[in-house]
Amino acid sequence: MAHDVFISHSHHDKTAADAACAALEARGIRCWIAPRDIDPGKDWAESIVDAIRGAQIMLLVFSRHANGSNQVKREVERAASSGKVLLPLRIDDVVPEASLEYYLGTPHWLDAMTPPLEAHLGRLADACSSLLAVDGSAPRPTSNAPFRPAPPQERGTSPSVLLAVIGSVVAVLAVIGIVSYLLMRPVEIQTTEAAPTQKAQADSPTSVAVAAPPPASTTSTSAGVPGMEPFVGIWQAHTERLVIDGAGNGHLNYKGCTACATQTDNRVDFTLTSVSNGIAGGNVVSSSDPYYESGMPVSATITPASPGHFLALTVNGLLQSPLCDVAAQSTNQCGA
């Protein structure tokens, strides 16, 4: 179909992208958005390229998910090389990665980080109306100040950061006080109480659960999948949670929209059936997210973190946020 705006987004932000699409189409602005506008049986990549070529504006729903999506990066590069107007709608307070910053350094930014998202959509529709040429000629950037929000701010001292610093100072003072108290106590009392504590830690099942994944091996699990041991466990990143068992069964849970008034809970179930050269492969079994379908390919790789490990999960060619094991989570590396 003929359209004015191509909407680029991560599938994790589908709810926000659909809301933006509805707001623009309510103003008579024709939009193209996947997967809605991909004709049945047509190649996905070909449809994306044709849709970008036929649009005047690329609306980028920019979030932490989009920031790490290779698919989004390819779409932005294609739009920029085709001379399209780039209009980022920022729904997360993140700084663009270098590969995106190259293209997003000069376009107009619209900030929509404060929920609900719907409160910002009227301004988005106004911006698109101004950017589109009223006489049907090539689009031209608007110079109206309301549609030129400041580019993403570098992370600096904010109230939340200040509270975190104060909390850290209080924690340090508390530790110093406890250590001083213990040092002043008789040695006999310290020895008596230390032993039960160490025994409780040794008996606790938690100490086993937080162990880092073992090194890759070629031995078979009880379910008969060779080399699956390093992938077994709980992996997390922000709102994403992945559980893989010894039989290679995986369950990925994530929120659908980070800035919408109502977030959706999505789940993708898959099975990893083989491990080759340190990469586990399999297919989607079922999904609550229409973006993913049964049978789509899934792959997982593990890389060392400091401490712990990262797991990179790719579903149908789209890379999810880097997921952390328990050791990496303890140092806030999730999603880095």
*Filter result (among the hydroxyl-bearing types (Ser, Thr, Tyr) and out of contact with any helix residue (DSSP H, G or I) (no Cβ under 7 Å at 6 or more places or on another chain)) within the range 62-80*: SER69
_Unique match (being closer than 25 Å to SER288 by Cβ and at pLDDT below 95) among ASP43, ASP92, ASP50_ = ASP92
*asked:* I'd like the full set of residues that are under 18 Å from ASN67 (Cα atoms), assigned to a loop (DSSP other than H, G, I, E, B) and not polar (S, T, N, Q), limited to the range 279-336.
replied: GLY317, PRO322, CYS334, GLY335, ALA336
*Of the conditions (1) assigned to a helix (DSSP H, G or I); (2) modelled with pLDDT under 90; (3) surrounded by 15 or more Cβ atoms within 10 Å (Cβ to Cβ), HIS108 clears all except one; give me its number.*
(1)
*at pLDDT below 85, among the hydroxyl-bearing types (Ser, Thr, Tyr) and either part of a strand (DSSP E or B) or within 16 Å of TRP235 (Cβ to Cβ) (or both) - does that describe any residue in the range 249-260?*
yes
*Please indicate, with yes or no, whether at least one residue in the range 318-329 is in contact (Cβ under 8 Å) with a residue 60 or more places away in the chain, charged (D, E, K, R) and out of contact with any Pro (no Cβ under 8 Å at 6 or more places or on another chain).*
no
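The values are calculated or read from the model by the stated rules, or taken from the named source; none is laboratory data. Everything quoted here is computed from the prediction, not taken from an experiment. FYI the Cβ positions are ideal-geometry reconstructions off the backbone, even for glycines, and counts take in every protein chain you see.
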